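Structure first, commentary second.
The values are calculated or read from the model by the stated rules, or taken from the named source; none is laboratory data. The structure displayed is predicted, hence computed values, not measured ones. Virtual Cβ from ideal backbone geometry, glycine too; neighbours counted across all protein chains shown.
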Amino acid sequence: MKVCFVLPSLAGGGSERAAALVINALNQSRYERILYLFQAEGAYLSQLSPDVRVVTATKTGWIARLLELASFLRAERPEVVMPFLSYFITSLAVSLAAIRSRVIFNQGSPTTGFLEDPDFQWRRPWRRRLFALMTRYFYGRASAVVVTSHGVGDDLVVNYHVPRSKIRVLHNPVDVGAVMRASEIAIDDRLERERPVVAAAGRLAGVKNYPLLFDAVAALAPEMPLHVWILGEGTERERLEAYAASAGLATRVHFLGFQQNPWRFIRRADVFVLTSVYEGFGNVLVEAMACGTPVVATRSLGTSDIVQHEVNGLLVDHESSAVAGAIGRLLNDHPLRARLLTSAGNSVAHYDIPRVAQRYEQLFEELTA
């Protein structure tokens, strides 16, 4: 079976990483794997299997790219075409190509959260209305819509009238073995001496809501002088540094920047905390579990699929007192900590690459049968 994934690029986002991991893991004896990119760039290019055929667009401008993609699909006639992010242009290209490919959208973020995110251009009312109309039309025409969590699927069904029969929940893959091996690499001795430590990871942007974490740590400071490791980079760094200083945490919050291997830091933290306003999934929670670090996450459409409250982690409301209370519990209640870690270690197997790839293969077989 010929399968073609379509992406803008392989820049370092969650959708791009998921696409690279899944296409690498598909059984090469059963699938001819094609990755079509509008731009041949991104951190995950070097991680592709040499058996994956990478095709890069040569045109610029969306109309020229649409026609070029349609021409490519007409020539190749893949049984399955799966766009990540490039949903509308890919759907149009398949129609122009007049081929009978199954088009499967792959969505990692809740549409409502994406449209409300100030980091993106759709925040303007007329653009949001246009995007919502396009979503209803194109998603309704897709053969299926893969979503990374039940919450992402519910958002599409309730707010954009996508038929529930088209929704398929396939959680993102995580290379559990690679994460565990990478986490064993040492870090700077000076950081090792800082205890207790809370780690957080992700781009420095409003949606990650780091101020909520800082407020929680500040509330704990009188009884528990925590250190915080922030793993990530972004446009909000200067503002967040100022916020941490204003909260009295200038010497305790350490901005460690983008790390090629964040897992070695996460493994050595006492608690991992994710305070995002919204998440479509939350790979980093699974990765923290694989590293053997207990997790606290704020409730959102994606995190609720991963964290089972009081079973493999703690799931809390978007309030500093709730986040502070959860951190305090994990640092002080050792039996709870041990129980959560045992369960979390068992949970991560569900997200390991071979298992997730098998679910994708079952979907492809079902839709093309």
### Task
Tell me, yes or no, whether the stretch 145-156 has at least one residue that is of a type in the set (S, T, Y) and surrounded by fewer than 21 Cβ atoms within 10 Å (Cβ to Cβ).
no
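Say we look at the stretch 228-238 and pick out the residues that are surrounded by 13 or more Cβ atoms within 10 Å (Cβ to Cβ) and at pLDDT 95 or above; which of these is nearest to V179 (Cα to Cα)? Full working, then the answer.
From the stretch 228-238, those surrounded by 13 or more Cβ atoms within 10 Å (Cβ to Cβ) are 228-234, 236-237; that's our starting set.
Filter again for at pLDDT 95 or above, leaving 228-231, 237.
Details: V228: 21, W229: 18, I230: 18, L231: 15, R237: 26 Å.
Restricting to residues being surrounded by 13 or more Cβ atoms within 10 Å (Cβ to Cβ) and at pLDDT 95 or above, the top hit is L231.
Check G313, G328 and return the single one that is crowded, with 17+ Cβ neighbours inside 10 Å, over 24 Å from the mean Cα position of the chain (by Cα), assigned by TED's automatic domain parsing to the domain that holds P222 and not charged (D, E, K, R). Don't jump to the end; show me each part of the working.
Working: G313 fails: over 24 Å from the mean Cα position of the chain (by Cα).
Exactly one of G313, G328 is crowded, with 17+ Cβ neighbours inside 10 Å, over 24 Å from the mean Cα position of the chain (by Cα), assigned by TED's automatic domain parsing to the domain that holds P222 and not charged (D, E, K, R), namely G328.
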### Of all residues in the stretch 280-301 being part of a helix (DSSP H, G or I) and not aliphatic (A, V, I, L, M), the one that is farthest from L21 (Cα to Cα)
C291
### Query
Across the stretch 239-260, which residue is surrounded by the most Cβ atoms within 10 Å (Cβ to Cβ) among those that are within 20 Å of R193 (Cα to Cα) and of a type in the set (S, T, N, Q)?
Q259
### Query
Within the stretch 285-301, can you find the residues that are modelled with pLDDT under 95 and aliphatic (A, V, I, L, M)?
L301
